[in-house]
Every structure is written in structure tokens, then in C-alpha cells.
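The values are calculated or read from the model by the stated rules, or taken from the named source; none is laboratory data. Worth saying up front: this structure is predicted, and the values here are computed from it rather than measured. Glycine gets a Cβ as well: all are built from the backbone with ideal geometry, and neighbour counts include every protein chain shown.
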Amino acid sequence: MIHDYPNLKVDVLKLGHHGSRTSTAPEFVAAIDPQFGIVSSGRNNRYGHPHEEVLENLVNQTVLRTDQQGMIQFIWSEKQQTFLIKTLLDYPID
């Protein structure tokens, strides 16, 4: 994808396969430079998703996790020209 779209930039990246070790390459994250990273995984899952090394690839992004925040909703505010973020669970967003 980076080869076909070398100037691709995104606001929100949904990480692959629940944040497993091989789901999201650090080179890909660096190339697209998202503002937010979303991890969809179950709380206390037996696979340990998301894996710490994947989260380490997102040090420059705000990470939202369904295992911590529940449902995550992004709403574009035309007036403010930014995202409004709502989560189901009351867990702070860094």
C-alpha cells in the first residue's frame, strides 16, 4: 500500500488483528503517521492482545482500545474542524 500510495496520510488507523505482534508494521505506521490508533480487542483475552511491541510503535499517536474504553465513536465536527471522540466506558484517553 505504501508503494502504491507513497503520500498517503491518515487521521485514524485501526490496527490489524487485535494488535497482534505481526498485525501492524512499524514502517507502515511511520509512513502514514496517523493521529489516532484504534485497537479492537477483548478485555483479558487469552492471546494477550494487543501486544506491547505493537503499542510501542504508536508512541506518537493517541491510542484508543476497546478492551479499556469499550465502544469508540469518532464524530467529525465541521464547526470545530476536528474529531469528537466518545467511548462507552469511563476510562481516560491519553
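Things worth noting here:
- For the stretch 7-19, filtered to residues that are more than 24 Å from Gly70 (Cβ to Cβ) and in contact (Cβ under 8 Å) with a residue 12 or more places away in the chain, the residue that is surrounded by the most Cβ atoms within 10 Å (Cβ to Cβ) is Leu8.
- Residues of the stretch 9-56 satisfying the condition of being at pLDDT below 90 and either among the aromatic types (Phe, Trp, Tyr) or touching a Pro at 6+ places or on another chain (Cβ under 6 Å) (or both): Gly19, Tyr47
- When the residues of the stretch 44-67 are filtered to those that are out of contact with any strand residue (DSSP E or B) (no Cβ under 9 Å at 6 or more places or on another chain) and not polar (S, T, N, Q), the one that is nearest to Lys86 (Cα to Cα) is Val59.
- Inter-residue pairs, beta-carbon under 9 Å, first farther than 20 Å from Thr62 by Cβ and in the stretch 20-46, second part of a loop (DSSP other than H, G, I, E, B) and among the hydrophobic types (A, V, I, L, M, F, W, C), 6+ apart: Glu27/Ile2
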